[in-house]
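Step one of this worksheet: look at the structure below.
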2 protein chains.
Amino acid sequence: MSASEEVQKITQQVVDSFGPLTTPRMREVMSSLVRHLHDFAREVSLQYDEWEAGVRYMNSVGQASTPTRNEGHRLSNILGLESLVTQISYVVAADSTQQATSPSILGPFWSPYAPYCENGDNIARSPHQGQTCVMHGHVTDLRTNRAIPNAIVDIWQASSNGKYDFQDTENQEPMNLRGKFHTNQHGYYYFYCLKPTAYSLPHDGPAWELLQALDRHSMRPAHIHLMVSHPEYVPVITQLYPDDDPYIYSDTVFAVKDDLVVNFTPRENDPKAELDLHFDIVLEPASNTISSFL
Amino acid sequence: MSASEEVQKITQQVVDSFGPLTTPRMREVMSSLVRHLHDFAREVSLQYDEWEAGVRYMNSVGQASTPTRNEGHRLSNILGLESLVTQISYVVAADSTQQATSPSILGPFWSPYAPYCENGDNIARSPHQGQTCVMHGHVTDLRTNRAIPNAIVDIWQASSNGKYDFQDTENQEPMNLRGKFHTNQHGYYYFYCLKPTAYSLPHDGPAWELLQALDRHSMRPAHIHLMVSHPEYVPVITQLYPDDDPYIYSDTVFAVKDDLVVNFTPRENDPKAELDLHFDIVLEPASNTISSFL
């Protein structure tokens, strides 16, 4: 067998090594992954020292991860993969309708422990330098346009220094700028939060090394994270971006979509807030979908 | 923009984010990697929970790595990638000749600290249950067929319990079953070693998890590692496999090639060894190549 034939043969050998007890989905996913991984190596004639650098890099990703830092998630984000996977699920779910609120990536900062709050509460519980904003709107049914009472609007955001609570324990109390709100009988929610601030991914660790090697910036546009759910609807995880942010066209994790860019307006007659953000959310009934994405 | 268009657009956005200061090779490699990664996700309609499992898995690989355990290297091996990269380099180097000794993977157990030895030395310095073997042969020039004096033959192997020295510090002294030999004026080398023993990759950690999920065995055929070098030649890293090993057709790291399968014969009139292994090595002059692989 010639050397060129050997190069082609290895891929099939790997796929053929999968035993009969592997699940059909595992076989499908891993066969495709191995073929693309090998095609990549052949396409660029991957050299031995480059492969070694890749192995070292992969090990460094796990080694940089801690309970409050998910470097694998961050690497996946800067390569656009979480954004792509989010979009793939949305296409499956929404092909016939295409009007539910667009999803965006979850990111590594969501917490399952955000406190339940009352409408009108302020989630900024620690000092900050930001502008306070009232965020409010209706959650409605895609098919009937009717209000959805008792939907849960789970919001989280970085503080005005660009850091989330658990990245910034010196300045922020746990669960600062996190909260879960129930929509009322009219499907309405409202709360006080901050106009968000653009921030940089950390300037250390493997993801930052890769950004530097690719001559890329590390900025995310300012954003508010949302996860909106109700037992009878497909949950939506998304982010909202102020329309005056300079990074909305070059988000380093590729998570901005046109319908998620929002306008903050001056708030009148409210001593507690300078700004107002009106955002309505449209959910797709669960029975309307092939699959949900969570 | 429709949801389907968004899915296609993200890949181009990622590639377009690479800045002008990234090197041409980095741009080439990472553009190809991103395209294949995204094509993979689209091809299998990668679901959010599957992507999350992949991120957790990637982090676990680095976290399982230690100074004596390179889990990223092992994962790469069981997916056939080191074997493929070795073969890609060989095609580049040998397209016009195809007669130099075939390379195989380096694996994670080579040490730069193997001691220099004299021809005739025995590299088994700690107790073992194996069969002692004389390994010997000539190192010659691919183009002229002439002997190459002063080539370095660097050998390493697991002991009869399937473990390398630094995996087995209770039973093996450091540098057991490792040594570097110089060929003599006739290009000849010889030393005492063990007929190698088949062994399993470890039954813990991320690589083993993946082997189980793919219903694969974890066995490598018995092998002797070789790295043969000389300043004027392309070095060859390779492995030799006894022809009576049951795993030569199903090596879990895909590293066996036909010309690397060897026959151990009975050794006559040598009280120090039961077996004999004759293996000649052919090196390609360095000037004859487009690139070396180390």
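The values are calculated or read from the model by the stated rules, or taken from the named source; none is laboratory data. Computed from a prediction, not measured in an experiment: that's the story for all the values here. Because the Cβ atoms are built from the backbone with ideal geometry, glycine has one as well, and the counts that use them run over all protein chains shown.
Does A:Leu75 count as crowded, with 17+ Cβ neighbours inside 10 Å, outside any helix (DSSP H, G or I) and either more than 7 Å from chain B (Cβ to nearest Cβ) or touching a Pro at 6+ places or on another chain (Cβ under 7 Å) (or both)?
Values: crowded, with 17+ Cβ neighbours inside 10 Å: yes; outside any helix (DSSP H, G or I): no; either more than 7 Å from chain B (Cβ to nearest Cβ) or touching a Pro at 6+ places or on another chain (Cβ under 7 Å) (or both): yes.
No, not satisfied.
Consider the stretch A:16-39. How many of its residues are surrounded by 17 or more Cβ atoms within 10 Å (Cβ to Cβ) and more than 7 Å from chain B (Cβ to nearest Cβ)?
3
Might you let me know whether the stretch A:236-248 holds any residue that is touching a strand residue (DSSP E or B) at 6+ places or on another chain (Cβ under 7 Å), over 16 Å from A:Ser200 (Cα atoms) and among the polar types (S, T, N, Q)?
yes
On the basis of being at the interface with chain B (Cβ under 7 Å from one of its Cβ atoms) and surrounded by fewer than 19 Cβ atoms within 10 Å (Cβ to Cβ), does A:Met58 make the cut? First the steps, then the outcome.
Numbers: at the interface with chain B (Cβ under 7 Å from one of its Cβ atoms): yes; surrounded by fewer than 19 Cβ atoms within 10 Å (Cβ to Cβ): no.
No; evaluated as a whole, the condition is false for this residue.
If you go through the stretch A:223-273 one residue at a time, how many are away from chain B (no Cβ under 12 Å), in contact with a helix residue (DSSP H, G or I) (Cβ under 6 Å, 6 or more places away or on another chain) and at positive phi?
The qualifying residues number 0.
Please specify each residue of the stretch B:193-218 satisfying the condition of being surrounded by 18 or more Cβ atoms within 10 Å (Cβ to Cβ) and in a strand (DSSP E or B).
Result: B:Cys193, B:Leu194, B:Tyr199.
Looking at B:Gln129, B:Gln157, B:Gln99, which is the one that is in contact (Cβ under 8 Å) with a residue 12 or more places away in the chain and crowded, with 19+ Cβ neighbours inside 10 Å?
Numbers: B:Gln129 fails: crowded, with 19+ Cβ neighbours inside 10 Å; B:Gln99 fails: crowded, with 19+ Cβ neighbours inside 10 Å.
Answer to the selection: B:Gln157.
Aromatic (Phe, Trp, Tyr) and under 20 Å from the mean Cα position of the chain (by Cα): does that describe B:Phe166? Walk me through it before giving the result.
Numbers: aromatic (Phe, Trp, Tyr): yes; under 20 Å from the mean Cα position of the chain (by Cα): yes.
Here the answer is yes, as B:Phe166 does meet what is asked.
What residue, of B:Ser17, B:Ser4, is in contact with a Ser or Thr (Cβ under 8 Å, 6 or more places away or on another chain) and farther than 27 Å from B:Phe254 by Cα?
Values: B:Ser4 fails: in contact with a Ser or Thr (Cβ under 8 Å, 6 or more places away or on another chain).
Step by step, each of B:Ser17, B:Ser4 is checked, and only B:Ser17 is in contact with a Ser or Thr (Cβ under 8 Å, 6 or more places away or on another chain) and farther than 27 Å from B:Phe254 by Cα.
Quick one: is A:Glu6 at the interface with chain B (Cβ under 7 Å from one of its Cβ atoms), of a type in the set (D, E, K, R), over 18 Å from the mean Cα position of the chain (by Cα) and surrounded by fewer than 17 Cβ atoms within 10 Å (Cβ to Cβ)?
Spelling it out, it is not the case that A:Glu6 is at the interface with chain B (Cβ under 7 Å from one of its Cβ atoms), of a type in the set (D, E, K, R), over 18 Å from the mean Cα position of the chain (by Cα) and surrounded by fewer than 17 Cβ atoms within 10 Å (Cβ to Cβ).
Out of all the residues in the stretch B:40-77, which are closer than 19 Å to A:Val34 by Cβ, free of Cβ contacts under 8 Å to residues at least 24 places away in the same chain and among the charged types (D, E, K, R)?
Of everything in the stretch B:40-77, those that are closer than 19 Å to A:Val34 by Cβ, free of Cβ contacts under 8 Å to residues at least 24 places away in the same chain and among the charged types (D, E, K, R) turn out to be B:Glu43, B:Glu50.
May I ask you to say which residue of A:Pro103, A:Pro108, A:Pro67 is in the same structural domain as A:Asp141 (by the TED database) and under 26 Å from B:Glu71 (Cβ atoms)?
Working: A:Pro103 fails: under 26 Å from B:Glu71 (Cβ atoms); A:Pro67 fails: in the same structural domain as A:Asp141 (by the TED database).
None of the other options fit; the residue is A:Pro108.
Output the residues belonging to the stretch A:262-286 that are without any contact (Cβ under 8 Å) to a residue 40 or more places away in the chain and closer than 25 Å to A:His230 by Cβ. Step through it out loud before you land on a result.
Restricting attention to the stretch A:262-286, the residues satisfying the condition of being without any contact (Cβ under 8 Å) to a residue 40 or more places away in the chain are A:262-263, A:265-266, A:268-269, A:271.
Answer for the stretch A:262-286, where residues must be without any contact (Cβ under 8 Å) to a residue 40 or more places away in the chain and closer than 25 Å to A:His230 by Cβ: just A:Val262.
Going by what's in this entry, would B:Ser89 be described as touching a helix residue (DSSP H, G or I) at 6+ places or on another chain (Cβ under 8 Å) and either at pLDDT 95 or above or more than 7 Å from every other protein chain (Cβ to nearest Cβ) (or both)?
On the way: touching a helix residue (DSSP H, G or I) at 6+ places or on another chain (Cβ under 8 Å): yes; either at pLDDT 95 or above or more than 7 Å from every other protein chain (Cβ to nearest Cβ) (or both): no.
No: the conditions fail for B:Ser89.
Is there a residue in the stretch B:19-33 that is within 22 Å of A:Ala213 (Cβ to Cβ), outside any loop (DSSP other than H, G, I, E, B) and in contact with a His (Cβ under 8 Å, 6 or more places away or on another chain)? Write out each step before concluding.
Looking only at the stretch B:19-33, we keep the residues that are within 22 Å of A:Ala213 (Cβ to Cβ), and these are B:19-33.
Applying the additional criterion that residues be outside any loop (DSSP other than H, G, I, E, B) yields B:24-33.
Restricting the remaining residues to those that are in contact with a His (Cβ under 8 Å, 6 or more places away or on another chain) gives none.
No, the conditions are met nowhere in the stretch B:19-33.
Considering every residue within the stretch B:231-251, establish whether at least one is over 18 Å from the mean Cα position of the chain (by Cα) and buried (at least 23 other Cβ atoms within 10 Å of the Cβ).
Within the stretch B:231-251, one or more residues are over 18 Å from the mean Cα position of the chain (by Cα) and buried (at least 23 other Cβ atoms within 10 Å of the Cβ).
Being touching a Cys at 6+ places or on another chain (Cβ under 6 Å), at pLDDT 95 or above, over 30 Å from A:Ser32 (Cα atoms) and assigned to a strand (DSSP E or B) narrows it down to one residue among B:Leu240, B:Leu277, B:Leu226; which is it?
Details: B:Leu240 fails: touching a Cys at 6+ places or on another chain (Cβ under 6 Å); B:Leu226 fails: touching a Cys at 6+ places or on another chain (Cβ under 6 Å).
Answer to the check: B:Leu277.
Can you tell me which residues in the stretch A:115-157 are hydrophobic (A, V, I, L, M, F, W, C) and at pLDDT below 95?
Applying the first criterion (hydrophobic (A, V, I, L, M, F, W, C)) to the stretch A:115-157 yields A:117, A:123-124, A:133-135, A:139, A:142, A:147-148, A:151-153, A:155-156.
The answer is A:Leu142, and nothing else.
Here is a list of conditions, (1) in contact with a Phe, Trp or Tyr (Cβ under 9 Å, 6 or more places away or on another chain); (2) crowded, with 18+ Cβ neighbours inside 10 Å; (3) within 30 Å of B:Gln99 (Cα to Cα), and A:Asp49 meets all of them except one; can you say which number that is?
Just one mismatch for A:Asp49, condition (2).
Which residue pairs have Cβ atoms closer than 7 Å, lie 6 or more positions apart in sequence or on different chains, and pair a first residue in the stretch B:223-249 that is free of Cβ contacts under 8 Å to residues at least 24 places away in the same chain with a second residue that is of a type in the set (Ser, Thr, Tyr) and in a strand (DSSP E or B)?
none
Can you tell which of A:Leu201, A:Leu194, A:Leu177, A:Leu211 is closer than 27 Å to A:Tyr247 by Cα and modelled with pLDDT under 95? Quick ask: steps written out before the conclusion?
Values: A:Leu194 fails: modelled with pLDDT under 95; A:Leu177 fails: modelled with pLDDT under 95; A:Leu211 fails: modelled with pLDDT under 95.
So the residue among A:Leu201, A:Leu194, A:Leu177, A:Leu211 that is closer than 27 Å to A:Tyr247 by Cα and modelled with pLDDT under 95 is A:Leu201.
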